[in-house]
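Asks: Below is a structure I'd like to ask you about.
Values in this text are rule-based calculations from the coordinates and carry no lab data. Keep in mind it's a predicted model, so treat the numbers as computed, not measured. Note that each Cβ is placed from the backbone with ideal geometry, even for glycine, and that neighbours are counted across all protein chains shown.
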Amino acid sequence: MMDQIKIGKFKVNEIYQGDSLKLMKEIPDESIDLLVTDPPFAIDFRAKRNNYNRTPENVLEGYNEIPQEKYYEFTLNWIKQSYRILKQTGSMYVVSGWTNLKDILNALDETRFITVNHIIWKYQFGVFTRKKYVTSHYHILFVVKHVKKYKFNKIEHYPEDVWVIKREYWTGKKKTATKLPMELVKKIILFSSDKDDIVFDPFLGSGTVAATAKTLGRNYLGFEIVKDYFTFAKERISSVQMSLDKWVDKAKKSKETD
Ligand SMILES: C[S@@+](CC[C@H](N)C(=O)[O-])C[C@H]1O[C@@H](n2cnc3c(N)ncnc32)[C@H](O)[C@@H]1O
């Protein structure tokens, strides 16, 4: 049997429920290859459960938001930890809306992260506005520790910094208040990590980063503070495992019959 990989007290290919500000302190220095995250934005999503044409009872409650006045302190805290735990060859991608972007940019500067790209993710958003433009983009900050050592697999010939990727709609299913499309996370993981690397997300939500990492043969680790979200993510990640297992079984069987 293969040895269970551990970083500090954490088993790799596990997720943990708890406060990232505390748990990240227990991750050893320079142990993470790639950090991909979509941190809480200091917007009250609970007040917005029935927004965006969603059936409110399908959206899980309890999403943990950060009060506006504490957002910078919160952001600087987790970004400092991220810098410490990333390997010299590592990279971090932070997804942010425009409203609190300044706090994230300032914290990245204060932490000595080097910005490689400021990516725009353009998505479709079918809402009607009367007196303003419809917000249909997010910012993705691609930052590294060491400008010469970071990994970058050039899987596209002309990779551009504007990505047009649709949001996923899980009609009729239980869902969390916000989630990243797997297609977007897949692109990040393929460009910025190799097989068996450790991909970490301190703010898992529905577990998209961990689930995608798993489908791509990467190791994953992640934290989520809200119990219902943690349980949702755990189930989602194990269902990805099941589909992988099925795929492996199928591949084995077809080999046996060759
Ligand atoms: C924007 S969501 C992440 C969405 C995720 N990328 C997805 O695709 O589902 C941010 C998550 O961070 C969680 N969170 C907020 N504060 C936290 C903390 N201190 N520690 C761990 N998780 C936290 C929230 O409950 C929320 O689920």
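Asks: Put a dot 7 Å past each Cα toward the Cβ at Asp196 and Glu183; how far apart are the dots in nm?
Replies: Each label point lies 7 Å from its Cα, and together they span 3.2 nm.
Asks: Would you order Thr129, Thr178 from fewest to most other beta-carbon atoms within 10 Å of each residue's own beta-carbon?
Replies: Thr129, Thr178
Asks: Could you sort 210-217, 162-169, 32-39 so that the peptide with the highest average Cβ count within 10 Å comes first and the rest follow in order? Let's see the in-between values first.
Replies: Numbers: 210-217: 21.6, 162-169: 13.9, 32-39: 24.0.
So the order, starting with the most tightly packed, is 32-39, 210-217, 162-169.
Asks: Distance from a point 7 Å along Cα→Cβ of Arg112 to each backbone N in region 133-153: keep the residues under 20 Å and list them by number.
Replies: Residues 142-151 qualify, since their backbone N sits under 20 Å from the label point.
Asks: Can you give the local net charge around Tyr16? Use residues other than it whose beta-carbon is closer than 11 angstrom to its beta-carbon, Lys and Arg +1, Asp and Glu -1.
Replies: In short, 0.
Asks: For Lys154 and Lys6 in one chain, what is 0.36 nm times their gap in residues minus the Cα-Cα distance, to one decimal in nm?
Replies: The Lys154-Lys6 span can extend by a further 50.3 nm.
Asks: Expressed in nm to one decimal, what extension gain is obtained for the pair His146 and Lys131 from 0.36 nm per residue of sequence separation less their Cα-Cα distance? If you can, show how the numbers build up before the last one.
Replies: Values: separation 15, 0.36 × 15 = 5.40 nm, distance 4.40 nm.
Value of the extension gain: 1.0 nm.
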